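Written below as structure tokens is the structure these notes are about.
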Amino acid sequence: MKKPNFLIFMVDQCNGTLFGEDGPADFLHVPNLRALYEKGVNFANTYCASPLCAPSRASFMSGLLPTRTGVYDNAAEFPSSIPTFAHHLRMQGYTTALSGKMHFVGPDQLHGFEKRTTTDVYPADFGWTPDWTKPDERIDWWYHNLGSVTTAGVAETTNQLEYDDEVAFFAKQTLHQFSREDRSKPFCLTVSFTHPHDPFVTRQKYWDLYPEDKMPALKEGTIAYEDHDPHSKRLLDMSDWRNFDTTDQKVIDSRRAYFGNISYIDENIGSILETLNACEFTEDTIVMFVSDHGDMLGEKGLWFKMSFYEGSSRVPLMICAPDRFKPSTITEPSSTLDVFPTLVDLAGGEVPNDIDGVSLVPAMGGEFEPRQVITEYAAEGSISPMVMLREGAFKLNTCPVDPDQLFNLEDDPQEQNNLAKNPAYADQLAEMKASVESAYDFDAFNENVMSSQKQRLLVYEALRNGDYYPWDYQPLQLASERYMRNHKDLNVLEGAARYPRFEDNKT
């Protein structure tokens with residue numbers, strides 16, 4: 001049996017609570033994602049490995065938690081020696097390509113991909129390194145602030161829109177190239193958009209899909225600063241909340257633009273799927289939709305990610321392979337760590353036994369064993385390593401310097417009732433704490449993070465003394481080998497660049 005192709009759509013900062021047991025929320029205008037949900041397997045309680053871009057993406061690629069990749073924050077190097085699903089698929093005979101963002105930090109900007117069509121939207125150096133020795137320092141030039149909320153609205157183009165327009169274009173071009181090459185060789189194309197990540201700005205056509213009078217209200221409301229848990233206070237301080245007036249109108253505008261950008265992504269996904277079909281790959285291709293982390297979207301008064309609350313740590317995950325698996329929804333917790341082993345399993349390879357994720361293929365076939373899912377965080381807004389443990393209905397957030405949080409998500413999906421001090425749940429808390437403490441040496445975790453920060457802060461400063469060679473990916477094209485050139489036979493060129501071939505259309 002021919003190995004399946006893989007088309008992976010990854011988006012950035014997409015709130016997983018918008019893609020629950022019943023698929024995309026009713027108010028979302030996402031016909032293409034809704035079709036994937038209806039034909040695919042929906043993992044309704046999927047968590048990222050870390051609620052921040054670079055750590056989550058390194059874990060997505062490697063199947064390893066940040067404590068094992070060393071990618072603790074958005075400026076931590078992803079070591080080239082760590083195998084990714086792209087490496088493993090190449091071992092299985094796949095062509096691997098990436099169009100878009102993956103936030104690799106360091107000189108290696110491929111990590112197993114043979115081809116990368118665009119540069120990254122984010123820097124590849126150590127400039128965004130947090131410094132836990134200065135816990136109260138706010139770094140204005142790269143820390144998130146609430147300007148993304150107060151400037152929300154409509155624009156024809158932005159830095160982000162320009163990037164994702166390019167990502168979609170090159171994704172379709174790559175499919176065209178695959179169609180003209182050896183079609184017996186399977187491919188894995190990862191298309192990674194930066195939307196719906198803030199800034200909360202969208203084009204007019206998508207803004208108009210969400211009239212203000214039909215906007216969904218905040219489910220969790222807002223919480224006064226003094227009533228927040230310590231980590232949430234740190235996140236608010238990091239976002240410089242005192243210097244921005246996030247009025248009710250601006251909250252509405254931000255959410256309206258965010259939802260609009262989900263529709264923008266959906267439209268691009270539809271266009272790429274049309275190209276997939278036009279190139280006659282649809283029947284042989286498994287399609288996946290996933291995000292690196294979520295966005296709080298103003299719930300509890302919080303924005304962006306970096307939190308273990310559901311809006312930030314939970315992500316959509318849908319896998320569409322209707323000829324192989326019946327459409328279904330799986331509510332047991334899963335993780336983006338599971339993508340790597342699932343792809344390898346579907347490709348017929350041997351899943352490594354030393355990674356943190358598990359293959360979801362048995363679950364898609366109707367067999368799912370309950371398990372614990374872990375998320376880590378050790379980046380800006382934290383001052384000590386943090387761990388989240390999801391087991392069944394319960395979620396524990398624990399950190400050596402902060403009070404524990406324990407939530408029953410079945411009874412309290414908005415996480416408004418912390419059960420950590422409730423005597424009735426003392427045994428549940430103790431059992432989950434014991435699981436975390438058996439898996440983590442927090443002193444060593446903390447030491448490793450601070451050592452990594454110290455080294456990177458020095459290297460970053462040193463590399464800016466004297467000549468500097470950037471690590472940012474520079475996509476190169478051999479222009480002299482494209483289109484019509486005098487060292488090529490025009491008739492051969494035109495025939496080779498066409499799909500279907502002229503001979504295929506002869507009657």
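Being out of contact with any Ser or Thr (no Cβ under 7 Å at 6 or more places or on another chain) and of a type in the set (A, V, I, L, M, F, W, C) is a property that F325 has.
In the list S328, S313, S232, S271, which residue meets the criterion of being in contact (Cβ under 8 Å) with a residue 60 or more places away in the chain, open to solvent by 20 Å² or more (accessible area, probe 1.4 Å) and under 30 Å from N408 (Cα atoms)? Talk me through it step by step, then tell me what you get.
Details: S313 fails: open to solvent by 20 Å² or more (accessible area, probe 1.4 Å); S232 fails: open to solvent by 20 Å² or more (accessible area, probe 1.4 Å); S271 fails: under 30 Å from N408 (Cα atoms).
Matching residue, one of S328, S313, S232, S271: S328.
Considering region 127-169, the residues that are part of a helix (DSSP H, G or I) and either open to solvent by 30 Å² or more (accessible area, probe 1.4 Å) or among the polar types (S, T, N, Q) (or both) include one that is farthest from F200 (Cα to Cα), namely F169. Go through region 362-402 and give me each residue that's buried (at least 22 other Cβ atoms within 10 Å of the Cβ) and assigned to a loop (DSSP other than H, G, I, E, B). Those that are buried (at least 22 other Cβ atoms within 10 Å of the Cβ) and assigned to a loop (DSSP other than H, G, I, E, B): A378, A379, E380, G381, S382, P385. Screening E220 against (1) loosely packed, with under 13 Cβ neighbours inside 10 Å; (2) more than 30 Å from R482 (Cβ to Cβ); (3) at pLDDT below 95; (4) not aromatic (F, W, Y) leaves a single unmet condition, (1). The residue of region 1-31 that is nearest to the chain's Cα centre (by Cα), among those that are open to solvent by 10 Å² or more (accessible area, probe 1.4 Å) and within 20 Å of R324 (Cβ to Cβ), is K3. Would you pick out the residues in region 58-85 that are under 22 Å from Y440 (Cβ atoms), open to solvent by less than 10 Å² (accessible area, probe 1.4 Å) and not in a loop (DSSP other than H, G, I, E, B)? Of everything in region 58-85, those that are under 22 Å from Y440 (Cβ atoms), open to solvent by less than 10 Å² (accessible area, probe 1.4 Å) and not in a loop (DSSP other than H, G, I, E, B) turn out to be A58, S59, F60, S62, P66, T69.
Quick check on region 93-104: of everything there that is in contact with a Pro (Cβ under 8 Å, 6 or more places away or on another chain) and part of a loop (DSSP other than H, G, I, E, B), which residue is farthest from V167 (Cα to Cα)? Per the stated criteria, the residue is G93. Would you check if there is a residue in region 190-205 being within 30 Å of E114 (Cα to Cα), among the aliphatic types (A, V, I, L, M) and in contact (Cβ under 8 Å) with a residue 40 or more places away in the chain? Yes.
The values are calculated or read from the model by the stated rules, or taken from the named source; none is laboratory data. What you are looking at is a predicted structure, and each value in this text was computed from that prediction instead of being measured. With ideal geometry, Cβ positions are generated from the backbone for all residues, glycine too; neighbour counts draw on all protein chains shown. Calculation scope for accessible area: heavy atoms of the full protein, side chains included, ligands and nucleic acids excluded. Shrake-Rupley method; radii C 1.70, N 1.55, O 1.52, S 1.80 Å.
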